[in-house]
1. When the gyration tensor of region 218-268 is built from Cα positions, what are the square roots of 5 times its three eigenvalues, in whole Å, from largest to smallest?
2. Just to be sure I understand the model, the point goes 7 Å from the Cα along the line to the Cβ. What's the resulting residue 326 to residue 149 distance in nm?
3. Per residue of region 314-319, what does 6.51 cos²θ - 1.76 cosθ + 1.60 with θ = phi - 60° give for ³J(HN,Hα)? Whole Hz please, x for Gly and Pro, Karplus curve as stated.
4. To the nearest 20 debye, what is the magnitude of the charge dipole of region 1-126 about its Cα centre, counting +1 on the Cβ of each Lys and Arg and -1 on the Cβ of each Asp and Glu?
5. Just reorder 282, 394 by solvent-accessible area, largest first, 1.4 Å probe, all chains present.
6. DSSP loop trypsin sites (Lys or Arg not before Pro) in region 14-82 with at most 12 other Cβ atoms within 10 Å of their Cβ, which ones?
7. Using a 1.4 angstrom probe on the protein heavy atoms only, could you order 55, 91 from most to least accessible area?
8. Work out the charge dipole of the chain with +1 on the Cβ of Lys and Arg and -1 on the Cβ of Asp and Glu about the Cα centre, then indicate which of 180, 397, 288 is farthest towards its positive end.
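The values are calculated or read from the model by the stated rules, or taken from the named source; none is laboratory data. Just so you know, these numbers come straight off a predicted model, no measurement behind them. In this analysis, Cβ positions are derived from the backbone assuming ideal geometry, glycine residues included, and neighbour counts consider all displayed protein chains. Heavy atoms of the whole protein, side chains included, go into the accessibility calculation; ligands, DNA and RNA do not. Shrake-Rupley method; radii C 1.70, N 1.55, O 1.52, S 1.80 Å.
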Amino acid sequence: MASKLTLEAPHEAENQFEVSLRQAFESLEPKLRPPFSLAIPKPDEYTQLNRAILHGVLSEPHFAKTHMKHMHALVTDGYAMFVNMLVKIVHQLYPKLTGSVKNQLLWVTEQMVHVLGIGYDNLLLSLMRQIVAGDFSDDNLLLCSKLVTLFLDQWQCFLDEGPHVLSSALYTFLRVLADHCRPDVEKLETLRQLEISFCVKIVREEFHLCLKIGRDFIRLLQDLVHVSEFKAILEDLVLNPSAFHTLGFNNVSQIFCTRTSSRYVLLRITPEMEIQLRFLLTHVKLGHQQRHQMWFARKFLHEPDRETVIIDIVRFICCAHHPPNEIIQSDVLPRWAVIGWLLKSCRKNYVEAKAKLALFYDWLFFDEGVDNIMNIEPAILLMVHSIPKYSDMTRTLLEFLLHLVDHYDVEHKGIIVKGVSSAFQLLARKGVVQSLDVLTSCPALSPALKEGLSRLLSDVKLGSSTGFLPGLFPAQHGHL
């Protein structure tokens, strides 16, 4: 009997895709041993052979090279079916795969890169999504190590055939480095240096790939300002932009003013987490969310180091989950309520500060012609809806936003004042809130705070914007 690919709890039903792979292997096993048939398989036979060979590669490490030779001999579709099945395994089964199967999955992924199998880029993106923030388990660190090594070893191949994979990998590993560079995690030194080398190589040699990420590139860099290599990059962005040898790049404000695509944000949410979050925000009624949130917290946030994933979840909710009007106008749990719960769930000050920055980041550089109002909607609704019972939430969020306006980047304060003011005005004009008076006249807020907000809304004069001062990224310190 063929080996199982996954480890399942006693109460869990078998995944039908895994069953189909195992059944194909069991039925065709005699044909998977040399000498192989030279007959051209019919379409249905070809599908079954792909399933059987894939199961063999994953479950028989000692025979994997032979299985791959068989695959190379019979392939007629550029490996499209084979790679698509690999993507399906990663998406549906990865967390439950045995350690040996995970190793084989990474090995066969490398084989698909070597032959440029159709869809290999989607396979790599799917694997990157399985890297979990704040997870220092051996399995998670091995996945990081194998992928970053593959990107370095096949650098020229990716540069020629899949540069978008490299920009996605840069986003992923800059974010991962924020966890791996924490001083209390010493066992990661070798992996950390690999990740730093990879990210610096892209930034220094292929800066145009960084520009594709947009403003979140700077947000991720700021978390690494204490690492000498990235501090130097930030200084060059300000003082010596020509160091990046990129035609048309003259100033960091160009990056600030480029919205980050949701496809990058999705890279930091596992498929399993995405499914649960979308269910929460699509089917659960407001007032009935507590048990769902408790389950989610136990599943994804229970370990102390996992708390940093809250930053990624907040960014996902703002940028990648935009519900239709019928959901917005219903009694389904709104995005702002989930974000409020996540902020309350933060136990560490620096995580809470970074989560708030993730919430407000698009406000700082908001441009109605470029940005999406749905990215800024959760923050205003959270502030407004918190006033009756949770005015401390309203106060701390507004204080944080005004502090960002004054101190995030003093050399670009004009752009930031305009961005935040434009965000407020558009939200009022579109009817997301009936009037900004709900904040400027709120009795629960201090006179000084209301005066600061009123002054911001009336002062949209632009100052000069020639650069920014390194180190003026207060959100990294956690005291906001």
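1. 20, 17, 8
2. Calculated label separation equals 5.0 nm.
3. 3J(HN,Hα) across region 314-319, in whole Hz: 4, 5, 4, 4, 6, 9.
4. Once rounded to the nearest 20, the dipole reads 260 debye.
5. Details: 282 50, 394 0 Å².
I get 282, 394, largest accessible area first.
6. none
7. Output order, biggest surface exposure first: 91, 55.
8. Of the listed residues, the answer is 288.
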